[in-house]
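Asks: Quick one: structure below, then a few questions.
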Amino acid sequence: MPGMSDYEPASPPAPPPRCRRFGQVLRLRQEQIEEYVRQHAKVWPEVLAALRRVHVRNYSIFLLGDLLFGYFEYTGEDFAADMARLAADAKTREWWAVMEPMQIPLPERAPGEWWATMREVFHMD
C-alpha cells in the first residue's frame, strides 16, 4: 500500500511519575478550629513552594468536627530525605510553629509522627 513504508508508530507516552498516596489524621483544639481554617485559606506561598520542592502534590485537608484528615501524593524517590528537607526549611518550620499549638496529635501515631499516617485499604483510579 502506498505510504505504509513511511508509517512509524507513535512513541509510547512517558510513564506517570511514581506516586505514593498518604492519608493522615490529627485533632484540632476546639477553640482553635476557626483560626486554623482562616490560616489555611491563605497558606504562605513559601510553604507551598517548599512542599512542591519535596515532590508533594494534590494536597488537601478536610475537617469534621475537630478531626482533620489530610491527603497528599508523593512523587519523589526518597520520602524520608524529602521530609527531612521540608523539616529543615525555615519558613515551613515557622508555619509549623503557628499550626502546632492548635493541634492535638493522636495517640495511635507512630513514633516520630505528628500527623498519624493511615493505612490505605482501598483505591480506585
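Values in this text are rule-based calculations from the coordinates and carry no lab data. Just so we're clear, the structure is a prediction, and the values are computed from it rather than from any experiment. Using ideal geometry, Cβ is built from the backbone for each residue, glycine included, and neighbour counts are taken over all protein chains shown.
Asks: Please work out if residue 77 is farther than 17 Å from residue 23 by Cβ and touching a residue at least 12 places away in the same chain (Cβ under 8 Å). Even if it seems obvious, please write down each step before you answer.
Replies: Details: farther than 17 Å from residue 23 by Cβ: yes; touching a residue at least 12 places away in the same chain (Cβ under 8 Å): yes.
The answer is yes for residue 77.
Asks: Run residue 116 past the list (1) surrounded by 13 or more Cβ atoms within 10 Å (Cβ to Cβ); (2) among the small types (Gly, Ala, Ser); (3) without any contact (Cβ under 8 Å) to a residue 12 or more places away in the chain and report the number of the one that doesn't hold.
Replies: It is condition (3) that residue 116 fails.
Asks: Just checking, which of 110, 84, 50 is free of Cβ contacts under 8 Å to residues at least 40 places away in the same chain and either β-branched (Val, Ile, Thr) or part of a helix (DSSP H, G or I) (or both)?
Replies: Details: 110 fails: either β-branched (Val, Ile, Thr) or part of a helix (DSSP H, G or I) (or both); 50 fails: free of Cβ contacts under 8 Å to residues at least 40 places away in the same chain.
Being free of Cβ contacts under 8 Å to residues at least 40 places away in the same chain and either β-branched (Val, Ile, Thr) or part of a helix (DSSP H, G or I) (or both) holds for just one of 110, 84, 50, which is 84.
Residue by residue, here is whether (1) under 17 Å from residue 117 (Cβ atoms); (2) surrounded by 12 or more Cβ atoms within 10 Å (Cβ to Cβ); (3) touching a helix residue (DSSP H, G or I) at 6+ places or on another chain (Cβ under 8 Å) holds:
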residue	(1), (2), (3)
41	no, no, no
44	no, yes, yes
52	no, no, no
60	yes, no, no
64	no, no, no
69	yes, yes, no
74	yes, yes, yes
80	yes, no, no
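Asks: I need the full set of residues from region 53-81 which are more than 19 Å from residue 25 (Cα to Cα), outside any loop (DSSP other than H, G, I, E, B) and among the charged types (D, E, K, R), in order please.
Replies: Answer for region 53-81, where residues must be more than 19 Å from residue 25 (Cα to Cα), outside any loop (DSSP other than H, G, I, E, B) and among the charged types (D, E, K, R): just 53.
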